[in-house]
Amino acid sequence: MVILAVAGLLFSATGNSAAAPSAWRYTMVAFSNDSDRDMDVYQSSDGTDFTAVQTSAYRPPSGVVRDSSIFRHSDGMYYVTYTTGGGANIGFARSSDRVNWTFLQNFPIPFCCAFLPGTGAGTGSASPPGFSGSAGFSDGPSLSPFTTKAWAPEWFVEGDRVSIIVSLSTGGGFVPYLMTAMDPGLRMWSFPVPFVGIDADHIDTTVVKQGSTYHAFTKNETHKVIEHWTAPSLIGPYTPAPFRDFGPLKEGPAVVELPDGTWRLYYDDYTNRKYFYSDSNDLIGWSEPKELPGLSGTVRHIGVMREPV
């Protein structure tokens, strides 16, 4: 069944022969050092200098709004997905103007991670819903199929296929999973399928595509560093790729293409409460990091999208 599910997710990109737009708009969503109950919205024309569209633009009915990710759907609406802090579910909200947001749902992801290497917690036994912990050693497989944490969901859109990359755990290491929308309103989602190749204890996974190659940027939770992996398809198999050493205690990578065709990586230097960015021509070699002007020291684990204007 897993093989069939994986095979169903292998797809080719839709070609686009339209002329490049003359200008871009970058929208950033983030929680802040002051509050993880509220999502702030910023915009920029160059991906560097951001101004506020609306602070405290969205507060969910309950829980938090951490690690938000944003995209504009084919219906013209903006959608965010985010960590709720409520265990095995992720949140969704929608807006027509990026200022006024409507809560859509908290989507439950009850099952994951069973028997995958490195997903054991080393505490407890196989647990029913409502109980934490998974059997086995921390470097062994989880014997529990019940998700205890669903964190850091990230949109990935290719052609008319809308997917989410989400980090799941049964109490041990996090594993990146892929879910695909089953309806245009983004309320129904496929059963989560684990990425192939990126082993357990990785979180904050985000993917961009360059040419025919998929580039995943993810935080290694054991060493607290950001890593780079590549694959011939979205689901994998992924293999480690060259990457600049940005040092330990970094997380929340977000990658976006700049107006000149180069790439920008943003990341959260969370222990120092600072935000940095670095640029690349090829997603392999990266420039010396710089602090994000105006927002370093304020934003946490951002999501960034660009759209033509």
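The values are calculated or read from the model by the stated rules, or taken from the named source; none is laboratory data. Not measured: the values here are computed from a predicted model. Cβ: placed from backbone, ideal geometry, glycine included. Neighbour counts: every protein chain shown. Side chains included, ligands, DNA and RNA excluded: accessible areas come from the protein's heavy atoms. Shrake-Rupley method; radii C 1.70, N 1.55, O 1.52, S 1.80 Å.
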Starting from the range 297-309, keep only residues that are touching a residue at least 12 places away in the same chain (Cβ under 8 Å), then list their pairs with residues that are assigned to a loop (DSSP other than H, G, I, E, B) and open to solvent by 50 Å² or more (accessible area, probe 1.4 Å) whose Cβ atoms are within a distance under 6 Å, requiring at least 6 positions of separation or different chains.
Gly297/Arg273
Out of all the residues in the range 240-259, is one or more open to solvent by 10 Å² or more (accessible area, probe 1.4 Å), in contact with a Pro (Cβ under 6 Å, 6 or more places away or on another chain), outside any loop (DSSP other than H, G, I, E, B) and over 20 Å from Met28 (Cα atoms)?
no
Any idea how many residues of the range 150-161 are surrounded by fewer than 21 Cβ atoms within 10 Å (Cβ to Cβ), of a type outside the set (Phe, Trp, Tyr) and touching a strand residue (DSSP E or B) at 6+ places or on another chain (Cβ under 9 Å)?
3
Output for Cβ contacts, cut-off 8 Å, separation at least six or different chains, first residue open to solvent by 40 Å² or more (accessible area, probe 1.4 Å) in the range 278-296, second modelled with pLDDT of 95 or more and acidic (Asp, Glu), reads Ser287/Asp279; Pro293/Asp49; Gly294/Asp49
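Every residue, every condition in (1) in contact with a Gly (Cβ under 8 Å, 6 or more places away or on another chain); (2) crowded, with 22+ Cβ neighbours inside 10 Å, yes or no:
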residue	(1), (2)
Asp46	no, no
Asp49	yes, no
His73	no, no
Gly91	yes, yes
Asp97	no, no
Leu10 passes all but one of the listed conditions (1) modelled with pLDDT of 95 or more; (2) out of contact with any strand residue (DSSP E or B) (no Cβ under 7 Å at 6 or more places or on another chain); (3) open to solvent by 40 Å² or more (accessible area, probe 1.4 Å); the exception is number (1)
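Starting from residues that are of a type in the set (D, E, K, R) and open to solvent by 20 Å² or more (accessible area, probe 1.4 Å), keep the ones in the range 192-238 and report whichever is farthest from Trp151 (Cα to Cα).
Taking the range 192-238 and keeping what is of a type in the set (D, E, K, R), we get 199, 201, 204, 209, 219, 221, 224, 227.
Subset that is open to solvent by 20 Å² or more (accessible area, probe 1.4 Å): 199, 201, 209, 221, 224, 227.
On the way: Asp199: 16, Asp201: 13, Lys209: 22, Glu221: 13, Lys224: 16, Glu227: 18 Å.
The residue in question is Lys209.
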Cβ-Cβ below 8 Å, separation at least six or inter-chain, first residue in the range 76-95 and among the hydrophobic types (A, V, I, L, M, F, W, C), second open to solvent by less than 10 Å² (accessible area, probe 1.4 Å) and modelled with pLDDT under 95: which pairs?
none
Among (1) open to solvent by 10 Å² or more (accessible area, probe 1.4 Å); (2) at pLDDT 95 or above, where does Ile164 come up short?
(1)
Restricting the range 158-179 to residues that are over 14 Å from the mean Cα position of the chain (by Cα) and assigned to a strand (DSSP E or B), the one farthest from Lys219 (Cα to Cα) turns out to be Arg161
